[in-house]
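K.L.:
The following block contains the structure, expressed as structure tokens.
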Amino acid sequence: MDDSQATAGHTAPRVSGIFIYPIKGARGLELERAQLDELGFRHDRRWMVVDENGGFVSQRSDPRLALLRPAISGDDIVVDAPGLPPLTLPLRPPGHGASPVRIWNDDVAAADAGDDAARWISRWLGRPARIVGFPRESVRRVDPKYARGEGDRVAFVDGYPCLLISQAALDELNRRLARPLPMERFRPNIVVAGTEPHAEDGWRRIRVGDVAFDVVKPCARCVVTTVDQRSAIPGDEPLRTLATYRKVGGKVMFGQNLIHEGPGTIRLGDQVQVKEKVKVEGDVEEKAKVQVEDRRAVMEEPEA
């Protein structure tokens, strides 16, 4: 069945959730519609916490970031944290950056949010830290192994402009767990309803609203998924259970990383049109291998 078409007993896949995360590692915002710009979802992870050496800070090392609650108010982001006065940041970081920071293997000239913001986040984390924004003039490219070209860029996401997960994938996981988990554990941008579990493993190109996406790589999951986003307390699940049926080459896969072809808007209820599928059937390991190799083969084809 073409996942983009409704047939007897089935409904067409549709967007059932849209999320952005204005500050990397902090709580997300659920939206009814979202715009995408050249970096991905607008206002998604354009701010980030760094340590005293300029290295990025995430829930991997500091689960308390999960308790930061950003909200958009006009042209500002207002951040609440238990026991602290609200912190206000500009919704759009300054265009120029002079603070060198590092996220994974990428060096970025970031825009520092100032000493007041630094004192606020240092007090929350209990160690020296600062908040930095991604300037309009900075360039951070998508991994060239998966990028469509040099124009594919991101801000402070881990690596790709968008993460998509099917609701059925979470439902299948929860069927195996003693205690069900919410989707927020996986921090997606797009949630899709009306599919089989992990149908996204077999997609290569999709269209949502007026935006076309390449489905470029399965998402390898880390310990952030084990952090309760309401208490900031880590545990063993879902990685322990996911490892029993979603393990590929020593990594646990859940969801798919996407690269958008250009600016546009998506809305709740938008149909997800599957334009091209991965040409393989089978378990998650085989699908993941073929998806990655298929993508590389396309990239390495000689020009006509």
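The values are calculated or read from the model by the stated rules, or taken from the named source; none is laboratory data. It should be emphasised that the depicted structure is a prediction, and the values quoted were computed from it without experimental measurement. Note that each Cβ is placed from the backbone with ideal geometry, even for glycine, and that neighbours are counted across all protein chains shown.
K.L.:
Would you confirm whether any residue within the stretch 76-84 is over 29 Å from F213 (Cα atoms), acidic (D, E) and touching a Ser or Thr at 6+ places or on another chain (Cβ under 9 Å)?
P.N.:
yes
K.L.:
Does the stretch 153-164 include one or more residues that are over 15 Å from the mean Cα position of the chain (by Cα) and not in a strand (DSSP E or B)?
P.N.:
no
Here is a yes/no grid of residues against (1) in contact with a Phe, Trp or Tyr (Cβ under 7 Å, 6 or more places away or on another chain); (2) assigned by TED's automatic domain parsing to the domain that holds I233; (3) at pLDDT 95 or above; (4) assigned to a strand (DSSP E or B):
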position	(1), (2), (3), (4)
S4	no, no, no, no
G9	no, no, no, no
G25	no, no, yes, no
V50	yes, no, yes, yes
R64	yes, no, yes, no
V79	no, no, yes, yes
L87	yes, no, yes, yes
G95	no, no, no, no
P100	no, no, yes, yes
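K.L.:
In the set A168, A220, A193, which member is without any contact (Cβ under 8 Å) to a residue 40 or more places away in the chain and over 24 Å from R46 (Cα atoms)?
P.N.:
A168
K.L.:
Only one of D143, D107 is assigned to a loop (DSSP other than H, G, I, E, B), of a type in the set (D, E, K, R) and under 21 Å from the mean Cα position of the chain (by Cα); which?
P.N.:
Just a single option satisfies the conditions, and that option is D143.
Condition check ((1) within 16 Å of the chain's Cα centre (by Cα); (2) without any contact (Cβ under 8 Å) to a residue 24 or more places away in the chain) across all residues:
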residue	(1), (2)
I20	yes, no
G28	yes, no
V49	no, no
G55	no, no
S73	no, yes
D80	no, yes
G83	no, yes
S99	no, no
A113	no, no
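K.L.:
How many residues does the stretch 11-23 contain that are outside any strand (DSSP E or B) and modelled with pLDDT of 95 or more?
P.N.:
Of the residues in that region, 3 qualify.
K.L.:
If I filter the stretch 230-251 for residues that are crowded, with 20+ Cβ neighbours inside 10 Å, under 20 Å from K275 (Cα atoms) and not acidic (D, E), do I get at least one hit?
P.N.:
no
K.L.:
Further, regarding this structure: Determine if the stretch 170-177 includes at least one residue that is crowded, with 19+ Cβ neighbours inside 10 Å and outside the structural domain of G54 (by TED's automatic domain parsing).
P.N.:
Within the stretch 170-177, one or more residues are crowded, with 19+ Cβ neighbours inside 10 Å and outside the structural domain of G54 (by TED's automatic domain parsing).
K.L.:
Just wondering, is there one or more residues in the stretch 156-163 that are at pLDDT below 95, of a type in the set (D, E) and either out of contact with any His (no Cβ under 9 Å at 6 or more places or on another chain) or buried (at least 19 other Cβ atoms within 10 Å of the Cβ) (or both)?
P.N.:
Looking through the stretch 156-163, none of the residues is at pLDDT below 95, of a type in the set (D, E) and either out of contact with any His (no Cβ under 9 Å at 6 or more places or on another chain) or buried (at least 19 other Cβ atoms within 10 Å of the Cβ) (or both).
K.L.:
Can you name every residue in the stretch 260-298 that is modelled with pLDDT of 60 or more and of a type in the set (V, I, T)?
P.N.:
Matches in the stretch 260-298: T265, I266, V272, V274, V278, V284.
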